[in-house]
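Every number in this text was worked out from the coordinates using simple rules, so none of it is lab data. Bear in mind that the values here come from a model prediction, so they are computed numbers and not experimental data. No Cβ is skipped: glycine too gets one built from the backbone with ideal geometry, and neighbour counts run over all protein chains shown.
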Amino acid sequence: MTRPVVHLVGAGPGDVRLLTRRAADLLTRAEVVVLDRPSLDPIASLAEGAVRIHVGRLPGQRAWSTAATVALLAERARAGLLVVRLKGGDPFVCSRGGEEALALQAEGIDVQVTPGVTAATAAPLAAGVPTGAAVTVAAGNHDPVSPPVGWTTVGAIDGAVVVLIGRAHQGAIADGLIAGGRPAVAPAALVHAATRVGERVVSGSLGEVAGERLDPPVTFVVASAPSMRGDDRAHP
């Protein structure tokens, strides 16, 4: 007997043209699409006949727990439906995709993963930030006072730094990086909605851009080289 399957699919950084061909094929055949936020709707709309379920934080609604999300995915997969769990960027980069995959496997559900282009690489390219050969990628949505990896430690590492989902703690993250040895004058950028219509980039020094406020989603990039393109720019 064939085991039920959930397809864990990376949606890429936002531009539907950067979706992989495998991801697009799965979406066109999907019967259920489970996604975190409405910003993924333009990509999820490829699944024209699918039921679309948002499990992320919405106005007036708390995000579903991992356990509740896994239970939903398992139920629909056991019903014989083609289920796509759509995650922004790559499903394993600063995401709970790995947790969900392990929990599904523990429930006897097969998980097939389709990688996606992560904003950790797409946003620096969009901003013209040279990341070089070494890049540290970290989630910034943890308590900046006691994060899993201290920002002073990250600041002491050679190479570029890319912080995803860290908008709420930009100032504390920058302070930690500087305390770890990253110069306050290091080239840096904030990238809003990388690769999407409405993309905006604010660039300057690490000390300058940390105080800027852009609407989410925002990727915080600190370069390892002095050359960057432009300053505050809005893209069509």
For this session: Would you mind pulling out the separation of the Cα centroids of region 148-180 and region 44-58, in Å?
Result: 33 Å
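Report relative contact order for region 119-234 in percent, whole number only (criteria: Cα-Cα under 8 Å, sequence separation at least 6).
Details: 261 pairs, mean separation 37.8, N = 116.
Result for region 119-234 is 33 percent.
Exactly which trypsin sites (Lys or Arg not before Pro) in region 184-225 are in a DSSP loop and have at most 11 other Cβ atoms within 10 Å? Mind dumping the intermediate values first?
Working: sites: R196, R200, R213; in loops: R196, R213.
Those satisfying the criteria are R213.
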Exercise. What percent do you get for the relative contact order of region 25-181 when only Cα pairs under 8 Å and 6+ apart count?
Worked result: 17 percent
Seminar exercise, completed: Here, R29 and R57, labelled 7 Å along Cα→Cβ, have an inter-label distance in nm of 3.6 nm
For this session: Enumerate the calculated ³J(HN,Hα) couplings along region 59-71 in order (Karplus 6.51 cos²θ - 1.76 cosθ + 1.60, θ = phi - 60°), each rounded to whole Hz, writing x wherever the residue is Gly or Pro.
Result: x, x, 9, 6, 5, 5, 6, 4, 4, 5, 5, 5, 4
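Under unit Cβ charges (Lys, Arg +1; Asp, Glu -1), what dipole magnitude, rounded to 20 debye, does region 1-147 have relative to its Cα centre? Walk me through the numbers before you get to the answer.
Working: 14 positive and 13 negative charges, 30 e Å.
That gives a dipole near 140 debye.
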Exercise. Kirkwood Rh, Cα Rg: Rg to Rh for region 119-234?
Worked result: 0.92
Problem set entry | Antiparallel DSSP beta bridges within region 1-105, as percent of all bridges there, nearest 5 | 15 percent
Exercise. Calculated FRET efficiency, A179 and A68, Cβ-Cβ r, R0 35 Å, to nearest 0.05?
Worked result: 0.35
Seminar exercise, completed: Log10 I(q)/I(0) at q = 0.09, 0.11, 0.15, 0.17 Å⁻¹ for the chain, from Debye over equal alpha-carbon scatterers, is -0.40, -0.59, -0.99, -1.17
Problem set entry | Cα shape, region 5-114, gyration tensor, a/c 1.5 rule | rounded
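Sort T69, T219 by Cβ crowding within 10 Å, fewest neighbours at the top.
Numbers: T69 22, T219 31.
Starting with the residue having the fewest Cβ neighbours, the order is T69, T219.
Which trypsin sites (Lys or Arg not before Pro) does region 55-94 hold that lie in a coil by DSSP with at most 10 other beta carbons within 10 Å? List each step's numbers first, then the result.
Details: sites: R57, R62, R76, R78, R85, K87; in loops: R57, R62.
Taking region 55-94 and a limit of 10 other Cβ atoms within 10 Å, the loop trypsin sites (Lys or Arg not before Pro) found are R62.
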